[in-house]
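For reference, the structure is listed below as structure tokens.
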Amino acid sequence: MATIPLTEKISWIGVNDFETELFEALWPIPQGISYNSYLIRDDKTALIDAVKRNFSDDFMMSLESTLAGKALDYLVINHIEPDHSGAIAPLAGRYPKMCIVGNEKTISLLKGFYNIANPVKIITENEKISLGRHTFEFFMTPMAHWPETMMTYERTTQTLFSGDVFGGFGTLPGGIFDDEVDIEALTPEIRRYFSNVIGKYCLPVQKAIEKIKPLPIKILASTHGPVYREAPQRIINLYSGWSRQETKPGAVIAYASMYGHTEKMAEAVGQGLTENGVKETQIFNVSKTHASFILSEIWVHKALVLGSCTYNGKIFPLMNGLLELLENTGLHGRSLGLFGSFSWSASPLSRLKDFSQKGPWKLISPCPEAKCAPADDVLKACYTLGQNLAKDMLSPNSKQ
Ligand code: FEO
């Protein structure tokens, strides 16, 4: 897509990454991801963020053709994570006088990552840099997503360059603007990006949203996903709700099962939920669905149910992986159901209960346990667990 104008003088010159299997070497991206970089051409020229190193060749070609012979005066680094700074080496090689703009933490990380000799300008909160008609203002948003993260606002065009905040998974399908793509269809991937990558940093995201509240925003341009010009407030509202961990009625059951016994228990819990009014009940086998997708569903639903078999005397490894991810995100305020099965070794419920005590979960009883295949009384207990979760969720006194 090369170069797309946002305004007369501001252009998107990002790239679509259709190749990477796992973003951050962790999260599957079957629909890819975009790395958005923006070029402003005024008396002075400035690039805001760059792209991942693998895409430097195409990126440099787009940049040079859009600059049309002008030099590049500034590189503003809103976020130095290498998916946005990997192209710095070719940029520095081609534009040795380009001034790198960032805050103190940015410049410290810049020196750690890249051995380049370009001039740097360390900026602070509310400081301004004028390019001519366009002027940048800088807003520090630490830990949304890294400590150096900041946002850059251009007041004459009312454009906010927001870094990772308001970004999403998914390549840009031809168009880049929210009014020319099916934004509803892209939203699940945007939410998955939030829950996987940004969700750990809910409080910094809320602080960032508070900070930008007074700014009139016509164009909201993040580093991943669509550029919002029709309805910037839509994505701000979504990020606001996700970062406050707002939930809706519904349950996610995630289970690990080697021979189908724990799976039967999961189905009985699901039956208890749906027969008692929880229509939005989803069941995931952790061996089939990557934790990335499960986490995204857990993020927005009121109840979570976890069930596991054992493996080599411990909880099943993929369930343990999901527990560790959940422990790492700081997710809170969900009702929680637990169940498990074992045959000749210790019950997985000890690890599940240990998990339940590490966070502010509301544990709903019972916690059914099967030795070998679940007998009828165990399946009844699973149904009761689903029923109790439904009662708790649908009670008028439910606080979630
Ligand atoms: Fe897209 Fe935090 O980097």
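None of the figures in this text is laboratory data; all of them are computed from the coordinates on show. The structure displayed is predicted, hence computed values, not measured ones. Because the Cβ atoms are built from the backbone with ideal geometry, glycine has one as well, and the counts that use them run over all protein chains shown.
Listing for the model above:
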{"item": "Per-residue [θ]222 nm for the chain (sum of -39500 (n - 2.57) over DSSP H runs n ≥ 4, rounded to 500)", "result": "-10000 deg cm²/dmol"}
{"item": "Local electrostatic count at Gln206 - Lys and Arg +1, Asp and Glu -1, tallied over other residues with Cβ under 14 Å", "result": "+3"}
{"item": "Point-to-point label distance, Glu246-Lys70, nm (Cα→Cβ direction, 7 Å offset)", "result": "4.0"}
{"item": "Positive dipole terminus of the chain, leading residue within Phe18, His290, Gly272 (C-beta point charges)", "result": "Gly272"}
{"item": "Candidates Ser222, Ser130, Ser11, ranked by Gaussian network fluctuation over the chain, Cα under 10 Å, top entry", "result": "Ser130"}
{"item": "Where labels lie 7 Å past Cα in the beta-carbon direction, separation of Lys121 and Met61 in nm", "result": "3.2"}
{"item": "Gain in span if fully extended, Gln31 to Gln357, counting 0.36 nm per residue against the direct Cα distance", "result": "113.7 nm"}
{"item": "Pairs beyond 26 Å (Cα-Cα), from Lys52/Lys105; Lys302/Lys380; Lys111/Lys358; Lys371/Lys391", "result": "Lys111/Lys358; Lys371/Lys391"}
{"item": "FRET efficiency, 1/(1 + (r/R0)^6) with R0 56 Å, evaluated for Ala2 and Glu275 via beta carbons", "result": "0.55"}
{"item": "Residue of Gly270, Gly175, Gly386 that the Gaussian network model of the chain assigns the largest fluctuation, springs spanning Cα pairs under 10 Å", "result": "Gly175"}
{"item": "Cβ-defined net charge surrounding Gly337, 14 Å radius [Lys, Arg +1; Asp, Glu -1]", "result": "+2"}
{"item": "Distance histogram for the range 239-376 (every C-alpha pair counted, 5 angstrom bins, percent rounded to whole numbers)", "result": "2, 11, 22, 25, 22, 12, 5, 2, 1, 0"}
{"item": "Cα-based Rg of the range 135-184 normalised by 2.2 N^0.38 Å, two decimals", "result": "1.36"}
{"item": "Distance (nanometres) between label positions extended 7 Å along Cα→Cβ at Cys372 and Lys207", "result": "5.7"}
{"item": "Local electrostatic count, Ala373, Cβ distance below 15 Å [Lys/Arg +1, Asp/Glu -1]", "result": "-2"}
{"item": "Geometric extent, Cα atoms of the chain - Rg, Dmax (angstrom)", "result": "24.0, 77"}
{"item": "Magnitude of the charge dipole, the chain, Cβ model with Lys/Arg +1 and Asp/Glu -1, debye to 20", "result": "920"}
